[in-house]
Amino acid sequence: MVKTKSPSLSFEVFPPNTQTGIVNIKATLDQLQTLKPSFISVTCSNNKNNIEETTLRLASYINNNLNIPAIAHLSAAYLSTQQVKKILTELNSLHIHQLLALRGDIIPEIPRKKDFEYASSLIKFIHEQNLDFKILGACYPEIHPESPNLVSDIHYLKQKVDAGCDQLITQLFFDNDKFFTFKENCALADINVPIIAGIMPITTRKQALRLIKTTSAHLPQKFLAIFDKYEHDPASLRTAGLAYAVDQIVDLLTRGVEGIHLYTMNHAKTAIDIQNTIGSLFKTNQQ
């Protein structure tokens with residue numbers, strides 16, 4: 001019997017803005033801890049210049065209080081070289097040795113820093129520090145919204161990987177065929193690092209409306225039909241949205257995805273429901 005590596009299950013959370021949110025996120029994390037995730041990533045906000053007090057503090061709680069590997073997000077657009085050096089030193093002192101480097105969303109009213117124009121330049125800088133960090137990067141299965149075409153998008157993703165990116169996590173998507181076409185394009189471009197699928201279960205009307213209004217991801221008719229039928233039936237919408245996410249994840253795992261990264265929106269219940277339904281699929285397989 002030969003054991004094969006099991007796919008990973010991980011979660012994303014974001015630092016809360018209020019005292020109530022801080023209490024709630026700790027309760028959420030305590031629940032997520034019971035699911036034994038491979039890691040939990042912590043986002044950063046470009047409209048706040050206090051990453052040490054937000055992202056790093058929450059990542060430290062995850063890593064050192066809950067004993068779950070934490071990944072801190074760093075945004076290239078709003079960090080200087082000196083800030084990055086300071087953050088890397090602090091991450092080392094917190095025993096956090098994984099980070100996700102991305103350009104970050106651009107906020108027009110906030111001036112950008114000049115040190116790192118793209119995620120690839122931030123990745124290259126971190127890689128050159130020789131501090132033994134595992135560097136993750138973000139990718140778009142359906143092309144970055146600002147990319148002119150697929151060729152350009154893959155070209156810049158290749159630059160990111162060549163700069164020192166060890167692993168990729170996708171932005172959310174709802175059509176698995178788009179993801180596997182993206183993986184094929186990566187393979188053709190000699191992008192061979194593991195690619196984890198980012199999944200956001202849509203379980204509320206507010207989530208769905210925001211998604212329909214803002215996302216650049218393709219929304220399959222099957223997904224839209226769920227919203228059309230159950231928009232004003234919260235319990236049924238949650239059940240159907242959860243079923244859609246479970247079906248999507250099962251298909252990804254069956255077709256050999258390296259891991260699933262759930263965008264939790266700081267709520268544990270959906271992650272717990274998914275774990276209770278298909279948690280055995282994340283255990284080591286044997287053949």
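Residue-wise test of (1) of a type in the set (Gly, Ala, Ser); (2) within 20 Å of residue 172 (Cα to Cα); (3) under 19 Å from the mean Cα position of the chain (by Cα); (4) loosely packed, with under 14 Cβ neighbours inside 10 Å.
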site: 11; (1), (2), (3), (4): no, yes, yes, no
site: 15; (1), (2), (3), (4): no, yes, yes, no
site: 25; (1), (2), (3), (4): no, no, yes, no
site: 73; (1), (2), (3), (4): no, yes, yes, no
site: 94; (1), (2), (3), (4): no, no, no, no
site: 109; (1), (2), (3), (4): no, no, no, yes
Pull out all pairs, ordered by first then second residue, where Cβ-Cβ is under 6 Å, the residues are six or more apart or on different chains, the first lies in region 64-88 and is at positive phi, and the second is of a type in the set (A, V, I, L, M) and surrounded by 14 or more Cβ atoms within 10 Å (Cβ to Cβ). none
Keeping to region 175-190, report how many residues are of a type outside the set (Asp, Glu) and part of a loop (DSSP other than H, G, I, E, B). 1
Which one is nearest to residue 182 (Cα to Cα) among residues in region 198-216 that are assigned to a helix (DSSP H, G or I) and out of contact with any Leu (no Cβ under 8 Å at 6 or more places or on another chain)? 214
Are there any pairs, at least 6 apart or on different chains, whose C-beta atoms fall under 8 Å, with the first in region 234-255 and of a type in the set (Asp, Glu) and the second surrounded by 13 or more Cβ atoms within 10 Å (Cβ to Cβ), and if so, which? 251/176
For region 144-169: of the residues being crowded, with 17+ Cβ neighbours inside 10 Å and touching a residue at least 40 places away in the same chain (Cβ under 8 Å), which is nearest to residue 202 (Cα to Cα)? 169
With the checklist (1) outside any loop (DSSP other than H, G, I, E, B); (2) modelled with pLDDT of 95 or more; (3) among the aliphatic types (A, V, I, L, M) in hand, flag the one item residue 193 doesn't pass. (1)
Is it the case that residue 266 is of a type outside the set (A, V, I, L, M), farther than 27 Å from residue 181 by Cα and touching a strand residue (DSSP E or B) at 6+ places or on another chain (Cβ under 8 Å)? yes
Could you tell me whether any residue of region 266-278 is under 12 Å from residue 198 (Cβ atoms) and either in contact with a Phe, Trp or Tyr (Cβ under 6 Å, 6 or more places away or on another chain) or buried (at least 19 other Cβ atoms within 10 Å of the Cβ) (or both)? no
Tell me, yes or no, whether region 135-146 has at least one residue that is over 20 Å from the mean Cα position of the chain (by Cα) and farther than 22 Å from residue 217 by Cα. no
Among 257, 246, which is the only one that is surrounded by 15 or more Cβ atoms within 10 Å (Cβ to Cβ) and closer than 30 Å to residue 135 by Cβ? 257
Could you please let me know if residue 38 is surrounded by fewer than 19 Cβ atoms within 10 Å (Cβ to Cβ) and in contact with a strand residue (DSSP E or B) (Cβ under 9 Å, 6 or more places away or on another chain)? yes
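So that you can scan it fast, the table gives a plain yes or no per residue for (1) assigned to a helix (DSSP H, G or I); (2) more than 20 Å from residue 273 (Cα to Cα):
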{"residue": "27", "(1), (2)": "yes, no"}
{"residue": "32", "(1), (2)": "yes, no"}
{"residue": "35", "(1), (2)": "no, no"}
{"residue": "64", "(1), (2)": "yes, yes"}
Is there a residue being charged (D, E, K, R), closer than 21 Å to residue 10 by Cβ and in contact with a helix residue (DSSP H, G or I) (Cβ under 6 Å, 6 or more places away or on another chain) anywhere in region 237-258? yes
Could you say whether any residue in region 274-285 is at positive phi, in contact with a strand residue (DSSP E or B) (Cβ under 7 Å, 6 or more places away or on another chain) and assigned to a loop (DSSP other than H, G, I, E, B)? no
Listed residues 152, 121; which is in a helix (DSSP H, G or I), modelled with pLDDT of 95 or more, among the polar types (S, T, N, Q) and over 24 Å from residue 249 (Cβ atoms)? 121
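The values are calculated or read from the model by the stated rules, or taken from the named source; none is laboratory data. A quick note: this is a predicted structure, and the numbers were derived from the prediction, not measured. Positions of Cβ are generated from backbone atoms using ideal geometry, with glycine treated the same way; all protein chains shown enter the neighbour counts.
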